[in-house]
Amino acid sequence: MLSLTERGSYTACKTVGRVGLCRAVFLLLLCLSALWLAQPVLAAAPAATTTNVEGIRLWRAPDHTRLVLDLSAMVEHKVFPLENPERLVIDLKHAALATSSSGLKLANTPIAELRSAKFDQDSLRIVLELKKKINPRSFILARNEQYGDRLVIDLYDRDKQTAKTVSDVLAGQKMRDIVIAIDAGHGGEDPGALGPKRLREKNVVLAISRAMQGMIDREVGFRAVMVRDGDYYIPLRKRTDIARKHRADLMISIHADAFNQASANGASVYALSTRSATSETASYLAKRENRADLIGGVGGVSLVDKDKVLAGVLLDLSMTATLESSLDVGSQVLKSVGGVARLHKKRVEQAGFVVLKSPDIPSILIETGFISNPKEARRLSQPAYQQKMAKAIFSGVKRHFQQRPPVGTLLAANKRKSGVVHVIARGDTLSDIAHRYRVSISDLRRHNRLKSTRIKIGQRIKIPVST
Ligand SMILES: [Zn+2]
C-alpha cells in the first residue's frame with residue numbers, strides 16, 4: 001500500500017498546457033546537452049565586437065588538465081584535435097589575446113607548448129602542442145559574482161584501460177558483485193496495509209524480502225543489502241540513502257496493496273514517472289549543495305563549476321538512463337511475477353514515488369498483491385508463497401542483469417569471457433590477433449581448435465581470457 005508520504009509530491013505538468021511546456025523544456029535541455037557533449041563545440045554568441053582573452057589559467061587534476069580562458073564577453077568557439085603531431089586547436093571568433101601565456105606552468109600537464117595566432121581575419125587561434133593524446137571537452141561558463149565569462153577546456157587523460165585488452169582488465173581487478181538493495185516497505189509505527197486476521201503489510205513484505213535476501217546471497221555474482229531488517233520505520237529519503245551508501249545497482253521496494261473493495265487483487269510493478277522525475281531533479285538541485293557527489297557516482301562528471309542549467313541537464317540525462325534501466329528490470333520482474341500471481345496491471349506502471357526517486361540507482365516498487373483481498377492475504381502470509389514470490393522477483397532481476405551486467409562486475413566479466421569474438425577481416429593474421437589481445441598463438445589455436453594458423457575472412461575467432 002502506498003500512503004500519501006510514499007506517493008510524494010506529484011505536481012509537475014498536471015495541465016495539458018504545462019505538459020507541452022515541460023516536454024519542450026526537456027527536449028531543449030536534451031539538445032543543449034547534446035551540443036555540449038559533441039566535439040567540436042560551437043557555442044553561439046553574438047560577437048560583433050572583439051572579445052578579449054584577458055587571462056589564461058591552468059590546473060592539473062588527477063585525471064585531467066583544465067585550461068580556463070577568461071573572456072571579456074561570450075565568444076563563439078570551436079575546439080578540435082589534430083594528429084601527427086598531437087595538437088588541440090581552439091578557435092575563437094572575433095577575439096584577440098590580451099594576456100600572455102608565458103607564466104603557465106606546463107610541467108605535469110599533457111601540454112608541451114601553447115601558441116596563439118590571428119586566424120581567419122579577426123579570429124584567434126590557440127594551439128596546444130600536446131605530449132600525448134587526450135580527450136578534450138570544452139564548455140562556456142557564464143559570468144558570476146566571482147568570475148567573468150569563461151571558456152573551459154578540459155584535457156582528459158586517455159583512460160589507460162581503453163588500451164588494455166580484455167584479459168588485462170579481467171586480471172587486473174577483482175570483479176565485484178551486483179548489489180541489490182531490498183527495501184521492505186513500512187515498519188515500526190507504520191504497519192502499511194492491514195489485512196484480515198491482523199495481517200500487516202510490514203510483516204509480509206519483510207518476510208518476502210528476507211526470502212529474497214537468502215536467494216540473492218546464494219547466487220554467485222550477486223549480493224543483497226537489506227534496507228530495513230527489522231520492525232522499525234525508516235524515512236523514505238533515508239531508504240535511498242542506504243541503498244546509495246552500499247553502492248546498490250538496483251533498489252527493490254517491496255509492498256502489498258490494499259483497497260476498500262475486497263475483490264481487488266493482483267500484483268503490480270512500478271517505476272518512477274519521468275514527469276515527476278524532472279520536477280524532482282529541480283528540487284534535488286536546489287537542496288543539494290554538493291551536487292558533485294550525486295553526479296560523481298553516475299557518469300564521473302564533476303559539476304562543481306558548471307552552471308545550474310548544465311548541472312540540471314546532466315542530472316536529467318542520468319535520471320533518464322536510470323529510468324530506462326528501471327523500466328527494463330521492471331518489465332523482466334513483471335514477466336516472472338506473472339507466473340506466480342495474477343497481474344493487477346499488465347505493464348510497468350509509472351508514478352512519482354519518493355522511494356523511487358534516486359537519480360543514480362535504478363529502482364522499482366513491487367506491490368506483491370492485495371492484502372485486503374482475503375484469498376490473496378492468505379497466500380501472502382504463507383512462507384511457501386513468500387518464497388515463490390521472492391524467487392519470481394529475483395529471477396526477473398537476474399535476467400535483467402545477465403543481459404545488461406554493470407561494468408566491473410563478475411557477471412560482466414563472465415559475459416565478456418564467453419562473448420569476446422574477433423571476426424577475421426582482410427589482412428588479419430593469427431599472430432596479429434594474438435598480439436592485439438595479448439594471448440599466445442597456441443592458446444588461440446587450442447581455444448578455436450585450429451589445425452593450422454591459416455584463417456579466412458569472416459571467420460569468428462574466440463578470444464581466450466585468463467582470469
Ligand atoms: Zn506499502
Practice problem: Please state which one of Leu410, Leu444, Leu430, Leu450 is over 23 Å from Pro191 (Cα atoms) and within 22 Å of the chain's Cα centre (by Cα). | Solution: Leu410
Self-check item: Matching residues, region 234-249, being within 15 Å of the ligand (Cβ to nearest atom) and without any contact (Cβ under 8 Å) to a residue 24 or more places away in the chain
Solution: Pro235
Quiz prompt | Answer residue from region 356-378, given it is in contact with a helix residue (DSSP H, G or I) (Cβ under 9 Å, 6 or more places away or on another chain) and either of a type in the set (Lys, Arg) or at positive phi (or both) and is surrounded by the fewest Cβ atoms within 10 Å (Cβ to Cβ) among those | solution = Arg378
Quiz item: Taking Ile393, is it within 16 Å of the ligand (Cβ to nearest atom), within 18 Å of Gly195 (Cβ to Cβ) and among the β-branched types (Val, Ile, Thr)?
Solution: no
Quiz prompt | Looking only at region 116-150, and only at residues there that are modelled with pLDDT under 80 and over 28 Å from the mean Cα position of the chain (by Cα), the one that is nearest to Leu97 (Cα to Cα) | solution = Phe119
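Okay, residues lined up against (1) of a type in the set (Phe, Trp, Tyr); (2) within 16 Å of the ligand (Cβ to nearest atom); (3) assigned by TED's automatic domain parsing to the domain that holds Gln332:
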{"residue": "Glu219", "(1), (2), (3)": "no, no, yes"}
{"residue": "Phe222", "(1), (2), (3)": "yes, no, yes"}
{"residue": "Met226", "(1), (2), (3)": "no, no, yes"}
{"residue": "Asp229", "(1), (2), (3)": "no, no, yes"}
{"residue": "Tyr232", "(1), (2), (3)": "yes, yes, yes"}
{"residue": "Met251", "(1), (2), (3)": "no, yes, yes"}
{"residue": "His255", "(1), (2), (3)": "no, yes, yes"}
{"residue": "Ala262", "(1), (2), (3)": "no, no, yes"}
Quiz item: Residues of region 180-194 being assigned to a loop (DSSP other than H, G, I, E, B) and within 12 Å of the ligand (Cβ to nearest atom), which ones?
Solution: Gly185, His186, Pro191, Gly192, Ala193
Self-check item: Scan of region 334-389 for residues that are under 18 Å from Ile180 (Cα atoms), within 23 Å of the chain's Cα centre (by Cα), within 16 Å of the ligand (Cβ to nearest atom) and in a helix (DSSP H, G or I), ordered by number
Solution: Val355, Leu356
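The values are calculated or read from the model by the stated rules, or taken from the named source; none is laboratory data. Quick caveat, the model's predicted, so the values are computed rather than measured. All Cβ positions, glycine included, derive from the backbone under ideal geometry; neighbour counts span all protein chains shown.
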